[in-house]
Each structure stands twice: as structure tokens, then as C-alpha cells.
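First comes the structure, then the notes that go with it.
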Amino acid sequence: MAMATATGGPGLSGRAGARRMANRLALALSLPLFFGLWELVSRSGVVNAILFPPPSKVVAALLAWAESGDLAIDFAMSVSRVLVGFFAGAIAGIAIGVATGRYEFVSNLLTPVFQLLRPIPPIAFVPIVILWFGLSELGKYFLVFYGVFFTVWIAAHLGVQRVDEKLVRAARTLGTPEHRMMQEVLLPGALPYIFVGLRTSVGISFYTLVAAELAGTFAGLAYRIDISMQNLQMAQMMGGLVMLGLISAVADKAFSSFARRAVWWS
Amino acid sequence: MSGKERLSRGTAASLGTASRRGAIEIDRVSIIFGRGAKEFIAVDRVSASIAAGEFVCLLGPSGCGKSTVMNAVAGFEHPSEGRITLDGATVTGPGADRGMVFQQPTLFPWKTIRANVAHGPRMLGKSKAEAMEIADGLLEMVGLAAFADNHPHTLSGGMQQRTAIARALANTPSVLLMDEPFGALDAQTRSMMQESLLQIWADVKPTVIFVTHDIDEAIFLADRILVMSASPGRFISEIPVDLPRPRDAEMTLEPAFMEIKRRCAGLIRTETLKAFEQQSAALRARK
Ligand SMILES: Nc1ncnc2c1ncn2[C@@H]1O[C@H](COP(=O)(O)OP(=O)(O)O)[C@@H](O)[C@H]1O
Ligand SMILES: [Mg+2]
């Protein structure tokens, strides 16, 4: 053994191979072990099986949810709220962010107000949103919008300011008129920063979605979680959590691969 | 250098109309940064007349105000005193008649090499097809035709700087301002770039102001060298370089080159000493 180590012979590569194999095995076993253990603990009677249902029951609840047709509706409602709120917040955030980033006048006018509102968690707005918008969809859009807007705004604002001044100078010596500087240099230059803000906002829009749906609605993934809790349908509730985690993860993955292609130069 | 064969006379001829324009007058220009106690004279009453089509090098130690002078000619800095004119018109801001190449390549990373070069013509209202044609001609000239569809980050530093030169020439500027454009390149690439710059200049014939702190580079390139001293930035000497053209790298080993270099170095030394003594005298007088 010592010999093999000293000469770097087959013993060493054999051991390295074994280690690699073990590492891969750990990765492959992670999820099955987790669910297996959960199933065992939950069926063993150590914990209350009603409060802590096994994964098999959660899967059954998910299937029943899908068969009833409610899953499709809940899914569509939640996704539409996230999409509308996210895109409205992103567009407004980018438009206003590049303006405050470039023009001191606009920045002086708006930045103090935004810095005042930005730290307020969107969830804290739920009561006021109910008063303003009732249980309408508009209130849901507003909350998601609120969560997304400030993050994207600050990313666009800083992004524009961090565009290399030399690029702007080069553009000017090439005859780029001031009114085209935004589109030709500042916006593309800020895009890598903007995408970081947008990606953070994907996560934020799901947080605020939960708050928005808990505030009162008639369909949605977080609404379903809330309702099943009231009916003590723990399996259904966990199914809701799984769905929420799943679409949030898919949205994040999809967005990051889109971002990699959109700002491939950074 | 492969650029020699790749040189497209056709493109050059179509760009060569700039030769009558590009005369620059720098008239007792001072540039002062800051105010009050923080006031700092970066450039102190410099004057120079640069003829249309001339190749002038601005030579001086780093921090002496070379970039500041360039930025004033480009229109990014405004003289605190004095005046800069281009073909009789006072320079008030940057314009497409003065192309600029910076030390770091400032290519737009999101655009292809071709789109980078086509940017200027596009901004001046040329159609996309026209702009692309101009870009392709220039890329041919700088030997980068094969890389037209690449993006800047896939190219070496030397290739990026060639692209930057092509881009600066795309609007057929009468003046080309180059601020230590080869400073970040290795010696081999730099010498190659100097040769191809001279070929491009010979064909297109813009007025060139080229900033460097390298005596060899200045002699190799210039018709005339303006030597600057530091604090405050002044033109302390003017050295004509009467070496024959076209020039190639071999020339730097010839006695004529060595002779000029010896004269230059001597001149710079005495002028620097003189400037230094003047400053010390002025300081003593103030005490
Ligand atoms: N915007 C500025 N504000 C204050 N000082 C400046 C500014 N730009 C340049 N300087 C100063 O002016 C002097 C000349 O700078 P520069 O022209 O960049 O020198 P060079 O290009 O010869 O190295 C330096 O001392 C530098 O610190
Ligand atoms: Mg400089």
C-alpha cells in the first residue's frame, strides 16, 4: 500500500476511483434515502401519522388533486399572478431604473421615495391591499409587482451607473447621438446587472405570491395549502408545498438558462 | 506581417478622401483640475500646429498630461485657457470627425466584430447594408475578415485593438487619436501592430496623434515627436523624425534610427533637467 502510494501506482488510482464512486453513490442515494426515511418514520408510529403523513400518501393526495381538476386551476391562477406581477414589475423597474441611473434630475426626484418604500416587506402591505383591491386579482398582481419592482429598479439603476465610461466615450467619438446612447450602450451595458436583479426577483415573486394568496382568494397553490391546513388534510398540504417548490425551482432554472444566453458576454 | 498582403487598396482608396482635412491647432492650452486649494495644473500653456495627414507622437513620462491633451483634442476635456481648432473650427465636444483608440480595447462586448466596426456608420445614418460593407472592407484591411462574426472576448488583445482601429476609421475621420493603444500588448504583437498601423495610415492618411511613453515606438511611427514634461505638463521639445518611409521593424536596428534615438534621449535628458531646474528656481524664489 505504501509502495503504491509512493510510486503513484495502481493502488492510488484505485483508491481515487473508489472515492469518486462513493461520491456519486451519495448523490444518487440522497433523495431516495430522504423519502425512504420519511416513509419509515411516518409509518413507525413514532410520530403522529396524521400530522406527518408518509410520502406515499402525499403522492396519492397530489394525484387526487390533479384528477379533481383543481390542480390545473390552482396552478394556472398562481402562475398567472406571478407572470403578470413579475413582468409588470420588471418592465417598470428597468424603465425607471435606467432613467434614475442616467439622469440625476430623475434620480433626485424618485430615489428618496423609493429608498423609503423599498425596505417595507411586501407582506406588510397585505391588509392595505385587501382594503384597496378587495379580493380581486389586481391586489395579487400589485403585491408581486411591489416585491419585484424595487429589486429590478435598483439593479438597473446601479447597472447603468457601472457601465464603463470608456464605452460611452468610444460611442460618442463614433457619432452616437445622446438620445440613442441608452439603447446602444447603457442598456446593453447594464443588462448583466439587470439580469441578476431579475433572477433574484423570480424568487421574490413566489414569496409574495404566498402572501397574496393567504390574504384571501378562491384558487391558487398557496390558497390550497391554506385550505387543506384548515381541513387538516396534511398530505394535500404537503403536496401543495411540493408543487410550489417545484414550479419555483423550474422558473429559476429556466430563467437562469435564458439569462446565460441573453447576456452571454458577461 | 500578413496584413501587408491583406491590405485592400480598393477600400483604402475609397477612404482616402480625408487627406485635405485634419489640421489641428493647439493654441496656448491649459487644463486645470479642481478649484481653490485643490487646484491642479495638469497641462500648462501647450501649443502645437499639426498639419493635415501628419503623424505626431506625444512622448512623455506617465502622469505628465498626455491623456489630458488627447482628451481635450477629442473634446472630452475643455481647456481652462486657450483654444483647440480643427480645420479652423473650435473644438467644443467629441465628434465623428475625430476617431479615438484607447489603451484598453473599448469594443462593445455584446456586438460582433463586424457590428462593432459598423457602429459608427450606423450612427451617422448609413443603411445597415452600407455600414456592413464599410465594416467588411476595414476588417479586410486590418486582417480580421475571417473573424467578422466573432465576439470581442474570443479575440486576443492585439486583434481587439486592430478591431478598435478599424472601428475608429469607419467614419473616415480626418483625425485619429490614439492613447497608448499598444501599451497593454506584448513586445512582439506591439511591433507587428506598429507596422500595420503605418500601412493603414499610409493608405488612409488621417492626421494621427499618438500618445506613448516609449521612445522607440515614437521614433518608429512619427513624422514629428512632441516631448512633454511632468508637473506641470508642458511641451518641452519637438523632434522631427526624417527617417524614410515605408518603415519596417528592421529599421530600428539601423544606425540612422540609433542616431535619432541618441539625439532624442539626450534632448529629453537636458530638457527634463532644464525644466527641473526652472521649477526648483521658481520654488526657491517663492520661499
Ligand atoms: N479628471 C481629473 N481630475 C483631476 N486630476 C486629473 C484628472 N485627469 C487627470 N488628472 C491628473 O492630471 C495629470 C495628468 O494625467 P494624464 O493626462 O492622465 O497623464 P498621462 O496620460 O500622461 O499619464 C495626472 O497627475 C492626473 O492625476
Ligand atoms: Mg494616459
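Residues of the stretch A:93-104 include at least one that is closer than 30 Å to A:Val163 by Cβ, buried (at least 17 other Cβ atoms within 10 Å of the Cβ) and among the hydroxyl-bearing types (Ser, Thr, Tyr). Of all positions in the stretch B:224-231, none carries a residue that is open to solvent by less than 10 Å² (accessible area, probe 1.4 Å), farther than 30 Å from B:Leu283 by Cβ and either away from ligand 2 (no atom under 16 Å from the Cβ) or among the β-branched types (Val, Ile, Thr) (or both).
In the set (1) surrounded by 16 or more Cβ atoms within 10 Å (Cβ to Cβ); (2) touching a helix residue (DSSP H, G or I) at 6+ places or on another chain (Cβ under 6 Å), the condition left unmet by A:Pro192 is number (2). Residues that are at pLDDT below 95 and not in a loop (DSSP other than H, G, I, E, B) within the stretch B:17-29 comprise B:Thr17, B:Ala18, B:Ser19, B:Arg20, listed in sequence order. Being assigned by TED's automatic domain parsing to the domain that holds A:Val196, in contact (Cβ under 8 Å) with a residue 12 or more places away in the chain and exposed (fewer than 15 other Cβ atoms within 10 Å of the Cβ) is a property that A:Ser256 has. Residues that are small (Gly, Ala, Ser) and either open to solvent by 10 Å² or more (accessible area, probe 1.4 Å) or at pLDDT below 90 (or both) within the stretch A:213-235 comprise A:Ala215, A:Gly216, A:Ala219, A:Ala235, listed in sequence order. Annotation note: of B:Thr207, B:Thr212, the sole residue that is within 16 Å of ligand 2 (Cβ to nearest atom), in contact (Cβ under 8 Å) with a residue 60 or more places away in the chain and more than 13 Å from chain A (Cβ to nearest Cβ) is B:Thr212.
Taking the stretch B:48-86 as the range and being in a loop (DSSP other than H, G, I, E, B), more than 13 Å from chain A (Cβ to nearest Cβ) and farther than 19 Å from B:Trp201 by Cβ as the test, the residues that pass are B:Gly60, B:Pro61, B:Ser62, B:Gly63, B:Cys64, B:Gly65, B:His78, B:Pro79, B:Ser80. Could you tell me whether the stretch B:30-47 includes any residue that is among the basic types (Lys, Arg), at pLDDT below 95 and either part of a loop (DSSP other than H, G, I, E, B) or more than 27 Å from B:Pro240 (Cα to Cα) (or both)? The answer is yes, given that some residue of the stretch B:30-47 is among the basic types (Lys, Arg), at pLDDT below 95 and either part of a loop (DSSP other than H, G, I, E, B) or more than 27 Å from B:Pro240 (Cα to Cα) (or both).
Of all residues in the stretch B:242-266, those satisfying the criterion of being of a type in the set (D, E, K, R) and either exposed (fewer than 10 other Cβ atoms within 10 Å of the Cβ) or farther than 15 Å from B:Ile225 by Cβ (or both) are B:Asp242, B:Arg245, B:Asp248, B:Glu250, B:Glu254.
Every residue in the stretch B:112-141 that is in contact with a Leu (Cβ under 7 Å, 6 or more places away or on another chain), open to solvent by 10 Å² or more (accessible area, probe 1.4 Å) and within 11 Å of chain A (Cβ to nearest Cβ), please. Passing the criteria: only B:Met123. Considering the stretch B:72-92 alone, what residues qualify as being of a type outside the set (A, V, I, L, M) and open to solvent by 20 Å² or more (accessible area, probe 1.4 Å)? Selection gives B:Phe76, B:Glu77, B:His78, B:Pro79, B:Ser80, B:Glu81, B:Gly82, B:Arg83, B:Asp87, B:Gly88, B:Thr90, B:Thr92. With respect to A:Leu110, is the statement that it is without any contact (Cβ under 8 Å) to a residue 40 or more places away in the chain, assigned to a helix (DSSP H, G or I) and within 30 Å of A:Glu184 (Cα to Cα) true? Yes, satisfied. Among the residues of the stretch A:147-189, those identified as within 8 Å of chain B (Cβ to nearest Cβ), touching a Ser or Thr at 6+ places or on another chain (Cβ under 9 Å), closer than 21 Å to A:Val263 by Cα and open to solvent by 10 Å² or more (accessible area, probe 1.4 Å) are A:Asp164, A:Lys166, A:Leu167, A:Glu184. May I ask you to list pairs of residues, at least six apart or on different chains, whose Cβ atoms are under 9 Å apart, with the first in the stretch B:274-286 being farther than 13 Å from B:Ser229 by Cβ and the second being part of a helix (DSSP H, G or I) and at pLDDT below 80? Within 9 Å, no pair qualifies. For A:Arg172, the conditions (1) under 20 Å from A:Val98 (Cα atoms); (2) modelled with pLDDT under 95 are fulfilled apart from (2).
The values are calculated or read from the model by the stated rules, or taken from the named source; none is laboratory data. Just so you know, these numbers come straight off a predicted model, no measurement behind them. Using ideal geometry, Cβ is built from the backbone for each residue, glycine included, and neighbour counts are taken over all protein chains shown. To get the accessible areas, we keep the full protein, side chains included, count just its heavy atoms, and leave off ligands, DNA and RNA. Shrake-Rupley method; radii C 1.70, N 1.55, O 1.52, S 1.80 Å.
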